[in-house]
Amino acid sequence: MSQLMRLGHQVVPTLGGFGGVELLVKTPAGRQLEVVVRGVPDNGRWLVNEEPEGEMSQRFYVLLNYKRFEEARAYPMVFVMPASRAEGMKSPRGRGKAIVFGNKKQCPPDLDRWAEAWAVIQ
């Protein structure tokens, strides 16, 4: 949230009341966007079972990987991408879906491209 605000966006947390979307964002240009945030300790996958309703072109994913989850000051690896790209990375996991990153064979080949890619949220 703070990173988006530092880039000039207005950000409002939904407190879980917006169908799977954690943040509502208004860009400096006036565009209204949705941000889905998923975070995990280093277990190899982000669970993305529910796809929020609404226009996918207005939705972005922020995926956090905490390498040292127990250390409160440790900064996670952050991946920022449009929902359309996240959708293409999803694979079945049990009764839901996940984006797998711990297994080299299943890891999306372009995942590194989205590391700290905050500029895509505009």
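Details
- Filtering the range 1-17 to residues that are farther than 17 Å from VAL80 by Cα, modelled with pLDDT under 95 and among the aliphatic types (A, V, I, L, M) leaves only LEU15.
- The set of residues in the range 7-46 being basic (Lys, Arg) and more than 30 Å from GLY102 (Cβ to Cβ) consists of LYS26, ARG31.
- Within the range 38-56, not a single residue is of a type in the set (D, E, K, R) and closer than 15 Å to VAL120 by Cβ.
- Residues within the range 1-17 that are in contact with a Ser or Thr (Cβ under 6 Å, 6 or more places away or on another chain) and either loosely packed, with under 13 Cβ neighbours inside 10 Å or free of Cβ contacts under 8 Å to residues at least 24 places away in the same chain (or both), tallied: 0
- Qualifying residue in the range 3-15 (condition: in a loop (DSSP other than H, G, I, E, B), of a type outside the set (S, T, N, Q), more than 10 Å from the chain's Cα centre (by Cα) and more than 15 Å from TRP118 (Cβ to Cβ)): yes
The values are calculated or read from the model by the stated rules, or taken from the named source; none is laboratory data. Being a predicted model, the structure only gives us computed values, none of them experimental. Heads up, the Cβs are rebuilt from the backbone with ideal geometry, glycines too, and the neighbour counts pull from every protein chain shown.
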